[in-house]
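*Asks:* Here's a structure for you.
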Amino acid sequence: MNERVFDGLEEMKEKALLKTVFTALLIIFASLFLLALPLTLTPEAVAKSPDNGAQANVIITEIYPNTAMRNELDEYVAIINPCAHSVSLEGWSITDNEGKIIFPTFDIAPGQTVYVTRNASAFVAQMRTITGKDVIPDFEYGSDSDPKVNQMQTVGRAFALRNTGDEVILQDKNGREVDAVTYADSSYEGDGWRDAPLEKPREGMIFVRKGVQDTNQCEDWLILPFGASYHAPEKFSCSGSGSATAFVSPDCSFSVLERELNNASSSLCINLYQFDNPYLMDLLVDALDRGVDVQLLLEGSPVGGITDEELYIAETIAKNGGDVRYSRDPYLNHAKYAVVDNKTLIIMTENWKTTGVPTNNSFGNRGWGIVLRNEEVANYFTDVFLEDFYRCEGFALEIENLETNVMTRAIPKDSYVPVFEQLAITCNFSVIPVLAPDTALSNATILGAIQNAQESVYVQQFSAGRFWGEEPNTFITALIEAARRGCEVKVLLDSKDYSVDAWNDNDEAVAWMEQVAREENLNLEAKLADLDSLGLTKVHNKGLIVDGKVVV
């Protein structure tokens, strides 16, 4: 693959080569990773997680110190038994080295999660409001708000988790530390935690352990919104003719979505960052007219704000019987997928915009997508969708000051010459969904794919700053290490103005990788896309190809 591919100076050569590579990869790949942005700790997830190791004892799995409720009555701690046998908790305690609460006679079963909250009634009410589920805690330690929930004994001061920082220590009946977690300005100095404290939580955010991973370090934990849960990496096997269809934007994305949405007969669960394509709206209205149940989740604070066009689409779908909701801070929803009839998943890198899924394919962004006709995968994403959907706010009809009363029907056109047709996958393959923040940095998913590369890594990406805060970009570091191992590494990044106008943008990332490649004589090329030669609006893809076998 020569430099001209990445410069875009000979457009048809680039397209023909990419078509050959993409087709071959999709036919022979062994594992397919799917990237979505929806944000559970269930016994099933514990059992299936490839990150899980053998556990010797009960561990803390969730901590909710800075709640959004007045007086923080719904504060809670959760523990799980990852052992293969029941464990008696009688006489065990939870302490923050100030207050202590003691368990009564109780056996925690294998795989069981136990919730310990300050006020059971407040906990149940908040869970129902946020998630739509009735989650009953096992114990409460404040006022006796529910006689059906076991009361824990308080020793010394009242047990309360400080928002500014604290430690949560699980002790056995002899007072020995079984597990410990620290956050923010905790002064804990024991042996149960071997890292700096977890960062200070924002209001409404929960510390959630990644499965039962337990190294007593920050890497074991995520910070998720209340009601969200950790989804461990799971592998699904797909086989048979017609089980998958690959497609790209702008070439054939609209025709693929049009066909799949028109085939919907019972339900559509759609999760998007942005939505302003009126012709896709029409397909959803047609589905509603056929009696299809449409649920649409959108991001409430996208970059640049919600457009009037999107508000018009949301209002139109809601008025025609659809259920539309918006995620709000602290929830960030950057997903782009749809589940059709609980049988088919459509997942892609593009928003449902005129640029992302263009009606006329001479115009638009470069993006990838795939249709998976597998009920297990579809059900997995349906569960994730519903968890996120019921945490979000319902859409208010009759929006005031809405300037757009009629959607523009103009169809943009440009100079792009379509090359790629949709591709039916006929081989056997595996799927591992990747959810951020849950598993995006797991060694079982994207990082693992790069770290295990033996021959080549090809990257096409919308945005990739050299730094994450003050630390180097983990993925760029992994790409450089792959090149040092002898892999051929090619990186193509977007060159739109807003992708190169700050100090830590695509151009700095490209310059850094090229510098390292020159200094160390590595087989690594990093380029900014020549959008004019390619005829593309921008490169909006988030794609990775490893060894011609793995596609992210």
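What follows is calculated from the coordinates using simple rules that are stated; it is not laboratory data. Everything numeric in this text was worked out from a predicted model, so none of it was measured. Reconstructed Cβ throughout: ideal geometry from the backbone, glycine too, with neighbour counts over all protein chains shown.
*Asks:* Please get the size of the charge dipole for the range 47-148, origin at its Cα centre, with Cβ charges of +1 on Lys and Arg and -1 on Asp and Glu, quoted in debye to the nearest 20. Walk me through the intermediate numbers first.
*Replies:* Values: 7 positive and 14 negative charges, 51 e Å.
I would put it at about 240 debye.
*Asks:* In the structure shown, do any of K336/K413; K336/K496; K235/K496 have a Cα-Cα gap over 29 Å, and if so which? Write out the running numbers ahead of the final one.
*Replies:* Values: K336/K413 24 Å; K336/K496 21 Å; K235/K496 36 Å.
Beyond 29 Å between Cα atoms: K235/K496.
*Asks:* Still on this structure, please answer the following. Over all directions, what mean area does the Cα convex hull of the range 185-305 project, stated in square nanometres? Write out the running numbers ahead of the final one.
*Replies:* Values: hull surface 50.1 nm².
In nm², the orientation-averaged hull projection of the range 185-305 is 12.5.
*Asks:* So, one more: Cα gyration tensor of the range 236-394, axes a ≥ b ≥ c as square roots of the eigenvalues: rounded (a/c below 1.5), prolate (a/b > b/c) or oblate?
*Replies:* It is rounded, given that a/c, with a ≥ b ≥ c, falls under 1.5.
*Asks:* Additional query: Hey, what D do you get for the chain in µm²/s if you plug the Kirkwood alpha-carbon radius into Stokes-Einstein at 20 °C and 1.002 mPa s? Working shown, then result.
*Replies:* Working: Rh = 25.2 Å.
D = 85 µm²/s.
*Asks:* Another one. Sorting check: for 155-165, 491-501, 408-418, which peptide has the highest mean count of neighbouring beta carbons within 10 Å, and how do the rest follow? Spell out each step's value before the answer.
*Replies:* Details: 155-165: 15.3, 491-501: 19.4, 408-418: 13.0.
Taking the mean over residues of other Cβ atoms within 10 Å, the ranking is 491-501, 155-165, 408-418.
*Asks:* Alpha carbon centre of the range 161-180 versus the range 258-331: separation in Å?
*Replies:* The two parts, judged by their Cα centres, are 45 Å apart.
*Asks:* Among V135, V256, rank each residue by its count of other Cβ atoms within 10 Å, from fewest to most, as a rough exposure measure. Show your work: numbers first, answer last.
*Replies:* Details: V135 13, V256 22.
Ordered from fewest to most neighbouring Cβ atoms within 10 Å, V135, V256 come out as V135, V256.
*Asks:* If you don't mind, another one. With +1 on each Lys and Arg Cβ and -1 on each Asp and Glu Cβ, how big is the dipole of the chain about its Cα centre, in debye rounded to the nearest 20? List each step's numbers first, then the result.
*Replies:* Working: 44 positive and 82 negative charges, 217 e Å.
Here the size comes out at about 1040 debye.
*Asks:* Where nothing but the Cβ of Lys and Arg (+1) and of Asp and Glu (-1) is charged, how large is the charge dipole of the range 43-225 around its Cα centre, in debye to the nearest 20? Walk me through the numbers on the way to the answer.
*Replies:* Details: 16 positive and 29 negative charges, 74 e Å.
About 360 debye.
*Asks:* Mind sorting I432, I306 by how few other Cβ atoms lie within 10 Å of their own Cβ, fewest first? Could the numbers behind the result be given before it?
*Replies:* Numbers: I432 22, I306 17.
Final ranking by Cβ density, sparse to dense: I306, I432.
*Asks:* Could you tell me the extents of the range 492-552's C-alpha atoms along the three principal axes, largest first, rounded to whole Å?
*Replies:* Here the spans come out as 31, 30, 21 Å, largest first.
*Asks:* Residue farthest toward the positive end of the dipole of the chain, with Cβ of Lys/Arg at +1 and Asp/Glu at -1: which of I480, T382, G211?
*Replies:* T382
*Asks:* Can you list the residues of the range 282-323 with backbone N under 12 Å from a point 7 Å past the Cα of S266, pointing along Cα to Cβ?
*Replies:* 293
*Asks:* Further question on the same structure: If you count the DSSP beta bridges with both ends in the chain, what percent of them are antiparallel, to the nearest 5? Don't skip to the end; give the middle numbers.
*Replies:* Values: 73 of 111 bridges.
Taking every DSSP beta bridge within the chain, about 65 percent pair in antiparallel fashion.
*Asks:* A further question on this structure: Can you grab the distance from the C-alpha centre of the range 64-128 to the C-alpha centre of the range 512-552, Å, no decimals?
*Replies:* Taking the Cα centre of each part, the range 64-128 and the range 512-552 sit 48 Å apart.
*Asks:* How many Å³ per residue does the convex hull of the Cα positions in the range 68-117 occupy?
*Replies:* On the way: hull volume 4.6 nm³, N = 50.
Taking the convex hull of the Cα positions in the range 68-117, it is 92 Å³ per residue.
*Asks:* Still on this model: Assign one of three labels to the range 332-400, namely rounded, prolate or oblate, based on the Cα gyration tensor with a ≥ b ≥ c the square roots of its eigenvalues; rounded applies when a/c is under 1.5, prolate when it is not and a/b is larger than b/c, and oblate otherwise. Mind dumping the intermediate values first?
*Replies:* Values: a/c = 2.31, a/b = 1.09, b/c = 2.12.
Note, shape of the range 332-400 comes out oblate.
*Asks:* Projecting each Cα onto the charge dipole of the chain (Lys/Arg +1, Asp/Glu -1 at the beta carbon, about the Cα centre), which of N443, S430, V546 comes out farthest on the positive side?
*Replies:* It is S430.
*Asks:* Could you tell me whether the range 330-445 comes out rounded, prolate or oblate from its Cα gyration tensor? Rule is a ≥ b ≥ c as square roots of the eigenvalues, rounded for a/c under 1.5, then prolate if a/b exceeds b/c, otherwise oblate.
*Replies:* Working: a/c = 2.00, a/b = 1.13, b/c = 1.77.
Oblate is the answer for the range 330-445, as a/c is 1.5 or above yet b/c matches or exceeds a/b.
*Asks:* Take the range 43-225, compute every pairwise Cα distance, and split them into 5 Å bins from 0; I just need the percent in each bin.
*Replies:* Percent of Cα pairs in each bin: 1, 8, 17, 23, 22, 18, 9, 2, 0.
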